[in-house]
Amino acid sequence: IENLLLEHLFPDPILQITIGHFVINSDDYQLAILHPKKLSVVQIQNLRGASNIRLNYEHKFKRNGYSFTTGRIGDKNYEIFFVQSIDCAISIYEQDSLINIVEFKDYIFPGCIAFLSRKDAIVVSNTSYEIECYNYNTLATTKYSASSSNTTNNNDNVQSRQWKAVIGELTKKIDVVSNEISKREEIVILSETLLNIVDSNGKILYQRKLDYEPMTLKAYNITDDKYIPNKQCDIMCMIATNSNHILIYKGINLVWAVKTYETPVYLNFADFDRVKSLIVLLSDTGKILVCYFIIKQAIS
C-alpha cells in the first residue's frame, strides 16, 4: 500500500484506457478514459510529493461508447481519437473538438478497430466477416453514412474505403505491427479459427488454421539476430486460448507453450520495478496477472 501514489474514484464505469500524447505541444503523457457516455483526457501530476489528477478536456456522447483507437496524423505532435459506439458509428475527435461522425448502417454490432500510421487510415472489422480500410481525410471531411445499401451515398463510401479484405470469420482482435524485417506495416488479425497477416494495402500475406479456440493475441517484432526470414510471417505472435494456454509463434513456427491458471482475454507486455517485458494478463474472471517465463535446462 505504501507504493500507491494516487487513487481516484470515477462515478461511471471504465470501458477502456490508454496512455499517449493527447494535448497539443505537450511532452507529457496523458491518460484517455472511455466511459459509456463520455471520453475524458486527464493528466496525472506529482507536485511536492503529492499526486493529483487534472482534467484536460472531455467529450460527452449522445451514443453509448464501445471502444476507441488513437493515431497521429501527418506531422502533428498529438494523437486524435476514433471512438466507436455500440450502434457502429465512429466519431472523430481532435483535441477538444468533434471533427465528424460517420455511421456504418450495414454493421449489426461493433467490431475491432485499429489505426494505420503510415497511411493515415483506420481499419474496421464488419459483420460481413471483412476488414475495411478507410482514409482519414475523407472520413473527417465528408458528411454521409457509410452504407453500401444506400445508393445515394455509395460513391462516397467507395471513395473513402481504400480496400476490403475478406476474412470469412468474425474478428476477435486486430494488432498493427511496424515489421522491422519486412519494413512494412502489417495487420495481424485473429479470427475464430484463423491467424491472418494482411499488409497495409489489403493483401492477405499469410493465414494459419488454428487447432484451438483463440481468445486474444499480442503481436510484436522478432529481435533474434539469428532468425532466418521466411517472407510469409516474420513476426512474433503470443496467442491465448480458451483452454488456459499461451502459445508463442516465431514466424510460422510454434516455439513455446505454457498453461496458465486463468483464461486470458487480454495480453500485453509491461516493465515493472526495473524488470523488463513482463506479461500482463487480464482473465475472464476479472483478475490481472503479471507473469514471466522460466526456462529450465536439464543438467547433464
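The values are calculated or read from the model by the stated rules, or taken from the named source; none is laboratory data. As the structure is a computational prediction, the values presented were derived from the model and not from experiment. Don't worry about glycine lacking a Cβ; one is built from the backbone with ideal geometry, like all the others, and counts go over all protein chains shown. The accessibility values were calculated without ligands, DNA or RNA, using every heavy atom of the protein model including side chains. Shrake-Rupley method; radii C 1.70, N 1.55, O 1.52, S 1.80 Å.
For segment 217-230, the count of residues that are outside any loop (DSSP other than H, G, I, E, B), out of contact with any Cys (no Cβ under 6 Å at 6 or more places or on another chain) and in contact (Cβ under 8 Å) with a residue 60 or more places away in the chain is zero. Selection within segment 83-115: residues that are touching a Ser or Thr at 6+ places or on another chain (Cβ under 6 Å) and in a strand (DSSP E or B). The member of this set that is surrounded by the most Cβ atoms within 10 Å (Cβ to Cβ) is Val83. The condition of being open to solvent by less than 70 Å² (accessible area, probe 1.4 Å) and modelled with pLDDT of 90 or more does not hold for Val255.
Of all residues in segment 189-219, those that are within 14 Å of the chain's Cα centre (by Cα) and within 16 Å of Leu254 (Cβ to Cβ) total 4.
Out of all the residues in segment 162-175, which are open to solvent by 40 Å² or more (accessible area, probe 1.4 Å) and of a type in the set (D, E, K, R)? Answer for segment 162-175, where residues must be open to solvent by 40 Å² or more (accessible area, probe 1.4 Å) and of a type in the set (D, E, K, R): Lys164, Lys172, Lys173. So for segment 71-79 (the condition being open to solvent by 60 Å² or more (accessible area, probe 1.4 Å), over 12 Å from Ala32 (Cβ atoms), in a strand (DSSP E or B) and touching a strand residue (DSSP E or B) at 6+ places or on another chain (Cβ under 8 Å)), does at least one residue qualify? Looking for residues that are open to solvent by 60 Å² or more (accessible area, probe 1.4 Å), over 12 Å from Ala32 (Cβ atoms), in a strand (DSSP E or B) and touching a strand residue (DSSP E or B) at 6+ places or on another chain (Cβ under 8 Å), one finds none in segment 71-79, hence no. Residues in segment 193-216 that are in a loop (DSSP other than H, G, I, E, B) and in contact with a strand residue (DSSP E or B) (Cβ under 7 Å, 6 or more places away or on another chain): Thr193, Ser200, Asn201, Gly202, Leu210, Tyr212, Glu213. Can you report the number of residues in segment 182-193 which are in contact with a Pro (Cβ under 9 Å, 6 or more places away or on another chain), open to solvent by 10 Å² or more (accessible area, probe 1.4 Å) and not acidic (Asp, Glu)? Result for segment 182-193: 2.
Pairing residues of segment 42-56 that are within 21 Å of Thr18 (Cβ to Cβ) with residues that are of a type in the set (Val, Ile, Thr) and part of a loop (DSSP other than H, G, I, E, B), at Cβ distances under 6 Å and at least 6 apart in sequence or on separate chains, gives Asn56/Val23.
Per the conditions (1) of a type outside the set (A, V, I, L, M, F, W, C); (2) surrounded by 13 or more Cβ atoms within 10 Å (Cβ to Cβ); (3) touching a strand residue (DSSP E or B) at 6+ places or on another chain (Cβ under 6 Å); (4) farther than 24 Å from Thr141 by Cα, the sole criterion not satisfied by Ser26 is (3).
For segment 116-131, which positions are open to solvent by less than 10 Å² (accessible area, probe 1.4 Å), closer than 15 Å to Leu170 by Cα and not polar (S, T, N, Q)?
Scanning segment 116-131 gives Val123, Val124, Ile131.
Of the strands (runs of 3 or more DSSP E) lying entirely inside segment 233-287, those containing at least 3 residues that are touching a residue at least 24 places away in the same chain (Cβ under 8 Å) are 236-241, 245-250, 264-272. Taken as a whole, the condition of being loosely packed, with under 14 Cβ neighbours inside 10 Å and either assigned to a strand (DSSP E or B) or in contact with a strand residue (DSSP E or B) (Cβ under 8 Å, 6 or more places away or on another chain) (or both) applies to Asn46.
Right, Ser178: part of a loop (DSSP other than H, G, I, E, B), open to solvent by less than 70 Å² (accessible area, probe 1.4 Å), closer than 24 Å to Ser125 by Cβ and polar (S, T, N, Q) or not? When the stated conditions are applied, Ser178 does not pass them. For first residues located in segment 2-17 and under 11 Å from Pro36 (Cα atoms) and in contact (Cβ under 8 Å) with a residue 24 or more places away in the chain, partners that are open to solvent by less than 90 Å² (accessible area, probe 1.4 Å) and in a loop (DSSP other than H, G, I, E, B) and lie 6+ apart or on another chain with Cβ distances below 9 Å form the pairs Asp12/His35; Asp12/Pro36; Leu15/His35; Leu15/Pro36.
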